[in-house]
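This report concerns only the one structure given below.
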């Protein structure tokens, strides 16, 4: 298979097209602009639709409409833009419409800056908008995963009729790495639930998130929770690198996992027993593996570009069976390999494991 | 083995391009590579740089803060990255535009009159390739044949007629490194 060098944002866009996405709705914001730029050129070549909406709110509701009609549709934005989309995302989750939302996140709160950040973790994994819902959230850690995970995001969105999210950042989006692109998917199957006209059926298909009569809302929520339980049982993805014989396991995703990988490789050359646990799905979260590792007396260090969000999920999963330390960088700063290396070294020294 | 490089200069000096050529060349040689541009508001007129990693194993951090070598095309870039270079590393700098010599011991330092050589070849724009040639001559990160293959990938086909000139510039740089 031919390897080509692509920017992460472009690899993601081409991956979406090859996964059958034919509708892109968006509104410009740095650092995700390569996605709409690529889509604007590419969509006409595959008879798809690229539309720059008048706002993020319009864009997400266009995704709601196209997804409801059974098409593979997506939007992409960056943190402040994703905040604007939250109402629509909540409606989409309630109406069980498959679609993909990409957040090439930047620092906040507010308008923030352009630099990479992981401070949208809570927003992505705990719902984000109103109501009891979850997105399936993928966190790519390589250029290749930008391609592979967006394909998977479309498949899982359809399988569970649930919105999915790619949580990326400026580094993953701007970095070029070699990628292998998959073949273009053949035509997709028609969906029995999609609003494409009655076509002789007696009952029309309805896409709606309203549950105002009797127990409608409770039933809708029970159904959603059953679905989320299935997703938690079946869709957890992670990478465990050197965790078996490690004393200390670093938990990190996306860009920080890359920095951590370099630091760990230096430490292993010194004979230190350190490993990496990289969540690939942020929701569902890899709770079980973390719990199992905690039960084996492994210690944890969480490294992330936030004041401490991922670390809360790790603490919940570890559930007092082991100790969890935290090393965070606030918005706009990427930890250097040296900083992570020194943090781990001093932790190991404190523990007497150096 | 992992080799980490920072290529830096003014916007328009082709530092992003030589970074991409190294990354593509590494990929063509079957290695793991990453290319990451300096990124932010400073890109609009000013100094730009890119981090390139070429490795036998999976690339970790794509952001390079302790490079094995730098290619500095202007003075602010040389001043910014001289101290960051690892002991035993390499500094190649464009002595046509940089009148100072880097104050650094324990590294290989090669001044390259890149713009002057490029002007002799008839096109000032290939100064970046002269510097790249010198850097590759010293470090052997990728082979000159891979550069030619990489140029075909990096340059749009309407620019392919410029490849022979670029290779000529690369050769001049390689010769400088030999002496």
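Computed from the coordinates by the stated procedures, all read-outs in this text should not be read as laboratory data. Note that this is a predicted model, so its numbers are computed, not measured. Quick reminder, even Gly has a Cβ in these numbers, built from the backbone with ideal geometry, and neighbours come from all protein chains shown.
Three semi-axes describe the equivalent ellipsoid of the range A:41-195; taken as square roots of 5 times the Cα gyration tensor eigenvalues and ordered largest first, they are 23, 20, 15 Å. Counting only other chain Cβ atoms within 10 Å of each residue's Cβ, the peptide A:280-290 averages 0. Rg then Dmax, both in Å and based on the Cα atoms of the protein assembly as shown: 25.0, 87. Per residue of B:61-72, other chain Cβ atoms within 10 Å of the residue Cβ number 4 on average. Peptide packing: for A:83-91, A:69-77, the average count of neighbouring Cβ atoms within 10 Å per residue gives the ranking A:69-77, A:83-91, highest mean first. When the label point is put 7 Å from the Cα of residue A:2 along its Cα-to-beta-carbon vector, which residues of the range B:142-175 have a backbone N closer than 12 Å? Zone members listed by number: B:153.
With Rg and the Kirkwood Rh both taken from Cα atoms, where does Rg over Rh land for the range A:47-96?
On the way: Rg = 10.5 Å, Rh = 11.1 Å.
Looking at the range A:47-96, the ratio lands at 0.95.
Mind checking A:1-11 for the average number of partner chain beta-carbons within 10 Å of each residue's beta-carbon?
Working: counts 0, 0, 5, 3, 11, 0, 3, 2, 0, 0, 0.
So the per-residue partner count for this stretch is 2.
Protection proxy ranking for B:124-131, A:144-151, using the average of other Cβ atoms within 10 Å per residue and placing the highest first: B:124-131, A:144-151. Dividing the summed helix terms, -39500 (n - 2.57) for each DSSP H run of n ≥ 4, by the number of residues in chain A produces a 222 nm estimate of -12500 deg cm²/dmol to the nearest 500. The angle between the Cα long axis of helix A:143-160 and the longest principal axis of the Cα atoms of chain A comes to about 50 degrees, rounded to the nearest 10.
I need the peptides A:252-260, A:1-9 ranked by packing, meaning the mean over residues of other C-beta atoms within 10 angstrom, with the highest value on top.
Details: A:252-260: 27.8, A:1-9: 19.3.
Top to bottom by mean Cβ count within 10 Å: A:252-260, A:1-9.
Using the alpha-carbon positions of the range A:108-223, Rg (one decimal) and Dmax (whole number) come out as 18.7, 55 Å.
From the P(r) of the range B:119-179, could you give the percentage of C-alpha pairs in the tail past 16 Å? When every Cα pair of the range B:119-179 is considered, 39 percent fall beyond 16 Å. For residue A:247 and residue A:126, a Förster radius of 41 Å and the Cβ-Cβ distance give a FRET efficiency of 0.85, rounded to the nearest 0.05. Calculated from the alpha-carbon coordinates, the range A:240-351 shows an Rg and a Dmax of 12.7, 36 Å respectively.
What are the semi-axes of the equivalent ellipsoid of chain B, taken as the square roots of 5 times the eigenvalues of the Cα gyration tensor, listed largest first and rounded to whole Å? Spell out each step's value before the answer.
Values: eigenvalues 85, 78, 53 Å².
Sorted largest first and rounded, they come to 21, 20, 16 Å.
Each of residue B:80 and residue A:45 was given a label point 7 Å from its Cα along the Cα-to-Cβ line. The distance between the two points is 3.3 nm.
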